[in-house]
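Quick notes on the structure that follows.
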Amino acid sequence: MMRFFLAVLAYVVPTFALGFVWHLILFEQYYKALAIYRNDIIIPFGFLSMLIQAAIFAWIYQRTFARLNTTLLSRVLLYAACGAALSWSFTTIAVAAKNVMTSVPDYLVIETAFTVVQWIMVGPLTAVAFGQLSSRGDQLPTRNAVG
């Protein structure tokens, strides 16, 4: 259970921090020019959305990627690629399809970049959360029948 909780944190912490800095500080003017976001962003809704996503992605990693009989690097890259593609589909493509904005291409560029940076961080952190990085190399930790 602790590993699952750490995997949730491995998604929420970098995603929230990056999202806050990316959308509200670094590229604030870019997003204002897109005229896509409300003036009074409801941060708790965004955080709740991230928690839901984090739980689902942690479950997916635990049930699928952690069990792959491949190198750690392969698992991390495959998980990050799949996670980024899925995230991109509901945070970028779907939003571009249904929200009013001044430039769909500009939105696609900035949000695609965000998704790539996000998953460069989340992929390896999730593997760490599940204890798949060790000083002895690229092996999954063994667990006894109780643990």
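The values are calculated or read from the model by the stated rules, or taken from the named source; none is laboratory data. Everything numeric in this text was worked out from a predicted model, so none of it was measured. Please note: Cβ atoms are built from the backbone with ideal geometry, for glycine as well, and neighbour counts cover all protein chains shown. These accessible areas exclude ligands, DNA and RNA; they are computed on the full protein's heavy atoms, side chains included. Shrake-Rupley method; radii C 1.70, N 1.55, O 1.52, S 1.80 Å.
Here is how the numbers come out for the structure above:
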read-out	value
Pairs with Cβ under 7 Å, 6+ apart, first in the stretch 60-71 and closer than 13 Å to Phe130 by Cα and among the hydrophobic types (A, V, I, L, M, F, W, C), second open to solvent by 50 Å² or more (accessible area, probe 1.4 Å) and in a helix (DSSP H, G or I)	Phe65/Leu78
Residue among Leu78, Leu48, Leu34, Leu9 that is on the phi < 0 side of the Ramachandran plot, open to solvent by 60 Å² or more (accessible area, probe 1.4 Å) and touching a residue at least 60 places away in the same chain (Cβ under 8 Å)	Leu9
Residues satisfying the stated conditions in the stretch 81-98, i.e. open to solvent by 60 Å² or more (accessible area, probe 1.4 Å) and touching a helix residue (DSSP H, G or I) at 6+ places or on another chain (Cβ under 7 Å)	Trp88
Neighbours by Cβ (under 6 Å, 6+ apart or cross-chain): first from the stretch 82-96, among the aromatic types (Phe, Trp, Tyr); second part of a helix (DSSP H, G or I)	Trp88/Thr115
Selection count where residues are closer than 20 Å to Met2 by Cβ, open to solvent by 10 Å² or more (accessible area, probe 1.4 Å) and among the β-branched types (Val, Ile, Thr), scope the stretch 112-133	1
